[in-house]
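Peer 1: Mind having a look at this structure? Questions to follow.
The values are calculated or read from the model by the stated rules, or taken from the named source; none is laboratory data. Since we're looking at a predicted model, the values are computed, not measured. Here the Cβ positions follow ideal geometry from the backbone for every residue, glycine too, while neighbour counts run over all protein chains shown. All accessible areas refer to the heavy atoms of the entire protein, side chains included, with ligands and DNA or RNA removed. Shrake-Rupley method; radii C 1.70, N 1.55, O 1.52, S 1.80 Å.
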Amino acid sequence: MKIAVMSCIHGNYEALNAVLSDIDDQNADKVYCLGDLVGYGPHPNAVVEMIRALDIPTCQGCWDEDIVEGLNSCECSYPSVLAEKRGKVAHDWTNQVIHPEVREYLAQLPLSLRDDNLCFVHGSPHNQHEYLMPEVDAFVAMERVLATGADILFCGHTHVPYVRSLDVGQLQIRVKLTGKSEPQNTSFSAPLKRIVNAGSVGEPRHGRPNATYVIYDNDTDQITLREVEYDYQKTCAAIIENGLPPVFAWRLSKGLEYAERADDPTHVCER
Amino acid sequence: MTNWAILSGIEGNLAAYEAVLADIKRQRQPIEELYILGDAIAAIPESTNVIQRIRSPRPDEPVPQVCQGWWEEQLLILHGLGRTGEPTELIERYGIEMVKTLWDAIPREMVEWVRSLDFGLFELDCLLIHGSSVDVGDELTPDTPAIQMLDRLMRMDANMLFCGRSGLTFQYEIQQGSVTSSITTLDQVTTPQAILVKPRQVIGVGNIGRIPGQATYTLYNPYTNHIEFRTVRYGSGKGFQPLKDKLFPPLNNRLMT
Ligand SMILES: [Zn+2]
Ligand SMILES: [Zn+2]
């Protein structure tokens, strides 16, 4: 069975349509979405309506949460100070145009989804706002997969797709308790675990403007990173027409955002 | 040479704290640093005496360095100074009455001091914290999975993590480890790389005040990495009062396990 996984649509209806038809062309049997349906882009309502109409199981992204809960004090919804300034404008705009039933839908989205040995989250299993960058230490990455009990962890939030394989993990441990003079030696081992980042449909940052998502085939155990061209100029024009910061149109056309490079990618919000 | 004493969970038990301070003074190697990893207070009025004692060390005592524990966090939440707004955890654990009990136990002027405490302390390559780098309530025990221990250490890039949430004394060494990692992006595939773990440890430092008559704490030497757990018995059950410490110095109350 082919399972398509997408994330971070960010109100980009053009990109969503292109990805959905590519998913059709690839004959995927199932589709999952890892959240961030809204924010940055000009069509948050249309995107949510489409996801709902197709009944795509979706978990809640950081933007979906912030629209429901309101931005609160911790600035870590954004990777850097510059990104935060721009993000606030987009947040206010989205917050104004969003329909009440769309807000209700975003509010009830689950933080994670499970399908057999697969787990789906937005950022990391511990926090929607945590960036699981490919550079994250291999053991930290392994902990994130093991924390879910799954073999493959699908995440998004970084907007750059990747597949990370963590194989033959092992640890040697010695535990000493008071009262018991003999320390206990144990070992831990983990079979192959994988992290699959689905990239971003509507706000890609891998260096090209194309939408990205992934397909997992559980018969062949193959993971394919998909890159889909679409008419991004249309979205760029709509961004400007709607009075959103023009820099969002610029970065969409480049598929890059320097300000989005996280100041501290491992920061975990404590609110 | 520097020797540290690390303790947690006085929980308002001044007699226990005095017994441990006395035990610290009796060490052959002088103790230069004293770390208190939170829960200096509990929801009892005696906590005030403990705070006063911590804040006024005697000239021959190390100045305690204190971080917040679970009880301090609950207190700050009640006063609207916490990282979350609602005392849900306090109520879940102890019932709604505990809100008033804790509120009444600690006078307002003490709250400012509690507020000034750090969430954790980082000295040399050691993280000293009540729970863990994840949360003040995160309870690490000898049974915590190794990968979770490693995550708590690596979040702060610490080689040693001293914690007190469980109240247990334990030494949990991650001696070695490896994993093979490879990454595929749209533009490149990296060849599988073996990633090794450098040895790291999590130390449960014990608990001072919870069990009447018995306090446990930890001595550490950051140069030799030597860990020693101490159990101090005190109080009338042991045939003497803590105040008599000066008269009957070492014998009775320094049973070490
Ligand atoms: Zn996103
Ligand atoms: Zn996100």
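Peer 1: Scan the range A:1-14 residue by residue and report those that are open to solvent by less than 10 Å² (accessible area, probe 1.4 Å) and more than 16 Å from ligand 2 (Cβ to nearest atom).
Peer 2: Initially, the range A:1-14 is screened for residues open to solvent by less than 10 Å² (accessible area, probe 1.4 Å), giving A:3-12.
Passing the criteria: A:3, A:4.
Peer 1: Determine which single condition residue A:182 fails, assuming it passes every other condition in (1) part of a loop (DSSP other than H, G, I, E, B); (2) more than 16 Å from ligand 2 (Cβ to nearest atom); (3) in contact (Cβ under 8 Å) with a residue 12 or more places away in the chain; (4) among the acidic types (Asp, Glu).
Peer 2: (3)
Peer 1: Could you please let me know if residue A:38 is within 14 Å of ligand 1 (Cβ to nearest atom) and either within 16 Å of residue A:12 (Cβ to Cβ) or modelled with pLDDT under 85 (or both)?
Peer 2: Numbers: within 14 Å of ligand 1 (Cβ to nearest atom): yes; either within 16 Å of residue A:12 (Cβ to Cβ) or modelled with pLDDT under 85 (or both): yes.
Yes.
Peer 1: Looking at this structure, is residue B:195 at the interface with chain A (Cβ under 10 Å from one of its Cβ atoms), modelled with pLDDT of 95 or more, in contact with a Phe, Trp or Tyr (Cβ under 6 Å, 6 or more places away or on another chain) and under 30 Å from residue A:159 (Cα atoms)?
Peer 2: Here the answer is no, as residue B:195 does not meet what is asked.
Peer 1: Could you tell me which numbered condition residue B:166 fails, if it satisfies all but one of (1) buried (at least 23 other Cβ atoms within 10 Å of the Cβ); (2) more than 7 Å from chain A (Cβ to nearest Cβ)?
Peer 2: Unmet condition: (1).
Peer 1: Also, quick follow-up: Considering only residues that are over 15 Å from residue A:58 (Cβ atoms) and in contact with a strand residue (DSSP E or B) (Cβ under 7 Å, 6 or more places away or on another chain), which ones fall in the range A:98-117?
Peer 2: A:117
Peer 1: Determine which member of the set A:99, A:126 is more than 13 Å from residue A:35 (Cβ to Cβ), away from ligand 1 (no atom under 16 Å from the Cβ) and at pLDDT 95 or above.
Peer 2: A:99
Peer 1: Is the range A:18-33 home to any residue that is within 14 Å of ligand 1 (Cβ to nearest atom), part of a loop (DSSP other than H, G, I, E, B) and polar (S, T, N, Q)?
Peer 2: Taking every residue of the range A:18-33 in turn, none turns out to be within 14 Å of ligand 1 (Cβ to nearest atom), part of a loop (DSSP other than H, G, I, E, B) and polar (S, T, N, Q).
Peer 1: Restricting attention to the range A:29-41, does a residue exist that is touching a residue at least 40 places away in the same chain (Cβ under 8 Å), within 16 Å of ligand 2 (Cβ to nearest atom) and farther than 24 Å from residue A:93 by Cα?
Peer 2: Scanning the range A:29-41 turns up at least one residue that is touching a residue at least 40 places away in the same chain (Cβ under 8 Å), within 16 Å of ligand 2 (Cβ to nearest atom) and farther than 24 Å from residue A:93 by Cα.
Peer 1: Residues that are farther than 23 Å from residue B:51 by Cα: which helices (runs of 4 or more DSSP H) entirely in the range B:67-127 hold 2 or more of them? Break it down stepwise before answering.
Peer 2: Values: elements: B:70-78, B:88-94, B:97-105, B:108-116.
Ranges flagged: B:88-94.
Peer 1: Would you please list the contacts, defined by Cβ atoms under 6 Å and residues six or more apart or on different chains, that run from a residue in the range A:115-127 that is within 14 Å of another protein chain (Cβ to nearest Cβ) to a residue that is more than 16 Å from ligand 1 (Cβ to nearest atom)?
Peer 2: The qualifying pairs are A:124/A:144; A:125/A:144; A:125/A:147; A:125/A:148; A:127/A:268.
Peer 1: Suppose we keep only residues that are in a loop (DSSP other than H, G, I, E, B) and more than 16 Å from ligand 2 (Cβ to nearest atom) within the range A:46-71. Which one would you say is modelled with the lowest pLDDT?
Peer 2: Across the range A:46-71, the extreme among qualifying residues is A:70.
Peer 1: Count, please, the residues in the range A:185-229 that happen to be of a type outside the set (Gly, Ala, Ser), open to solvent by less than 10 Å² (accessible area, probe 1.4 Å), within 12 Å of chain B (Cβ to nearest Cβ) and in a loop (DSSP other than H, G, I, E, B).
Peer 2: Qualifying residue count for the region: 1.
Peer 1: Can you find a residue that is surrounded by fewer than 21 Cβ atoms within 10 Å (Cβ to Cβ), more than 16 Å from ligand 2 (Cβ to nearest atom) and at the interface with another protein chain (Cβ under 7 Å from one of its Cβ atoms) anywhere in the range A:140-153?
Peer 2: Yes: the range A:140-153 contains one or more residues that are surrounded by fewer than 21 Cβ atoms within 10 Å (Cβ to Cβ), more than 16 Å from ligand 2 (Cβ to nearest atom) and at the interface with another protein chain (Cβ under 7 Å from one of its Cβ atoms).
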